[in-house]
Every structure is written in structure tokens, then in C-alpha cells.
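In what follows, a structure is listed as C-alpha cells, so that the remarks can point back to it.
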Amino acid sequence: IRRNWEAVIPEIARMGKRGKVEIQFEIQRDGVVPRLFLTSTSNSDPLDKAAMSGIFASSPFPPLPAEFKGPIVRLKITFLYNIPVQ
């Protein structure tokens, strides 16, 4: 995800625009991401779209392990633009 996200980081972020985007998404047993939800916006459309694109460009993920018995894995990822990790 990180590599795909970094490939589409918008110019405004490279120029110092700050923002935080949180996205929740599901991975199905076959590795496909059927949907994703923006749970916290940066209030900047280019930053939000780049974060979502990083996830969509990573789909499909490898299939879930056979030992995993659930139908999906639900994840939440935070993307930080020019904000230090705390």
C-alpha cells in the first residue's frame, strides 16, 4: 500500500500541505477489496483521493490464509501527510 500511495502523493503534499486521512476497508478471502470507507478526512480532496488510490491500486491482495476462518478482514489505516508519527 505504501509504495502505491507514495506513487500518487499529490504535489500539494510534496510542497508541505499537511493532512491526516483514515480509511477503513475490507479484504475478502480472495484478496479483493470490495469497498472502502473514508472514516476521517483531511479536508483536502487530493490528499483523500491519493490515500484511497493507494489501497485500490494494491488490490487484489494475496488470498487470506486457509487457517483464517472468517469471510473478510477489516482494516483501518491512517495516512499522514507532513505530520510526524506520535
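Starting from the chain, pick out the chymotrypsin sites (Phe, Trp or Tyr not before Pro) whose DSSP state is loop and whose Cβ has at most 13 other Cβ atoms within 10 Å. If you can, show how the numbers build up before the last one.
Details: sites: TRP5, PHE25, PHE37, PHE56, PHE68, PHE79, TYR81; in loops: PHE68.
Listed in order of number, the matching sites are PHE68.
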Give me the accessible area per residue for the chain, probe 1.4 Å, as a whole number in Å². 64
Excluding residues fewer than 8 places away in the same chain, name every one of the aspartates and glutamates whose C-alpha is closer than 20 Å to that of LYS69. GLU26, ASP30
Of ALA50, ALA13, ALA66, the one that fluctuates the most in a GNM where the chain has Cα springs shorter than 10 Å: ALA66
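Please get the size of the charge dipole for the chain, origin at its Cα centre, with Cβ charges of +1 on Lys and Arg and -1 on Asp and Glu, quoted in debye to the nearest 20. List each step's numbers first, then the result.
Values: 12 positive and 8 negative charges, 28 e Å.
Roughly 140 debye for the chain.
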At 222 nm, what value in deg cm²/dmol follows for the chain if DSSP H runs of at least 4 each add -39500 (n - 2.57) and the sum is divided by all its residues, to the nearest 500? -6500 deg cm²/dmol
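When the accessible area of region 15-61 is computed with all protein chains present and a 1.4 Å probe, what percentage of it is carbon and sulfur?
Numbers: 1210 of 2390 Å².
Ligands and nucleic acids excluded, carbon and sulfur reach 51 percent.
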Compute the angle between helix 45-56 and the longest alpha-carbon principal axis of the chain, please, reported from 0 to 90 degrees and rounded to the nearest 10. 30
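The values are calculated or read from the model by the stated rules, or taken from the named source; none is laboratory data. Model, not experiment: these values are computed from the prediction. A quick note on method: Cβ atoms are made from the backbone with ideal geometry, for glycine too, and the neighbour counts reach across all protein chains shown. Accessible surface areas use protein heavy atoms only, side chains included; no ligands, DNA or RNA. Shrake-Rupley method; radii C 1.70, N 1.55, O 1.52, S 1.80 Å.
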